[in-house]
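All remarks here apply to the structure that follows.
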Amino acid sequence: MTLLPHNHQMWAVIGLYTGREDNIFWRRRRGDENGRVEAASAKALSAKECSPLGKDIIHSVTNPIPRLTGAIHIYGGDFFNEPRSEWNAETLVEVPYDVEKTLRLFEQSNAMLAAS
Ligand SMILES: [Fe+2]
């Protein structure tokens, strides 16, 4: 399962209690009229590790293992109602964040795990 590049517009702290996640951190391309991003760095998190995320962070998250990854997320604001962005997986163009699409992705991924 991979979450598209997205921002939060608020600080966050992510702490894993099981599984793995691979974060790619992105930065905006200077002067790009479509708000495209480019990869800047990466960080792998394992169980018992945490990562603080600054207010301006853009990241994508992949679970690279064939089972659930569990984490506690603390956000410095109203995560579900803050207007924010995500970036198209193929073009890396900035678009408004679609929380319903993300929730469907979690449901589909959980169903696939339950069926396997
Ligand atoms: Fe995130």
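Okay, here's what the table says:
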quantity	calculated
Among the residues listed as 46, 60, the single one being small (Gly, Ala, Ser) and within 18 Å of residue 9 (Cα to Cα)	60
Filtered residue count, the stretch 87-105, keeping only those that are more than 29 Å from residue 31 (Cα to Cα) and either surrounded by 13 or more Cβ atoms within 10 Å (Cβ to Cβ) or among the small types (Gly, Ala, Ser) (or both)	1
Residue list for the stretch 32-85, filter: within 15 Å of the ligand (Cβ to nearest atom) and of a type in the set (Lys, Arg)	43, 55, 84
Subset of the stretch 2-14 (residues that are crowded, with 16+ Cβ neighbours inside 10 Å and either within 21 Å of residue 48 (Cβ to Cβ) or small (Gly, Ala, Ser) (or both))	12, 14
Subset of the stretch 59-70 [within 15 Å of the chain's Cα centre (by Cα) and within 23 Å of residue 115 (Cβ to Cβ)]	61, 62, 63, 64, 69, 70
In the stretch 19-31, the residues that are open to solvent by 40 Å² or more (accessible area, probe 1.4 Å) and either farther than 24 Å from residue 83 by Cα or within 11 Å of the ligand (Cβ to nearest atom) (or both)	20, 22
Meets criteria (within 15 Å of the ligand (Cβ to nearest atom), small (Gly, Ala, Ser) and in contact with a Cys (Cβ under 7 Å, 6 or more places away or on another chain)) for residue 15	yes
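The values are calculated or read from the model by the stated rules, or taken from the named source; none is laboratory data. All of these numbers come straight from a predicted model, not from anything done at the bench. As a convention, Cβ positions derive from the backbone with ideal geometry for all residues, glycine included, and neighbour counts pool all protein chains shown. Accessible surface areas use protein heavy atoms only, side chains included; no ligands, DNA or RNA. Shrake-Rupley method; radii C 1.70, N 1.55, O 1.52, S 1.80 Å.
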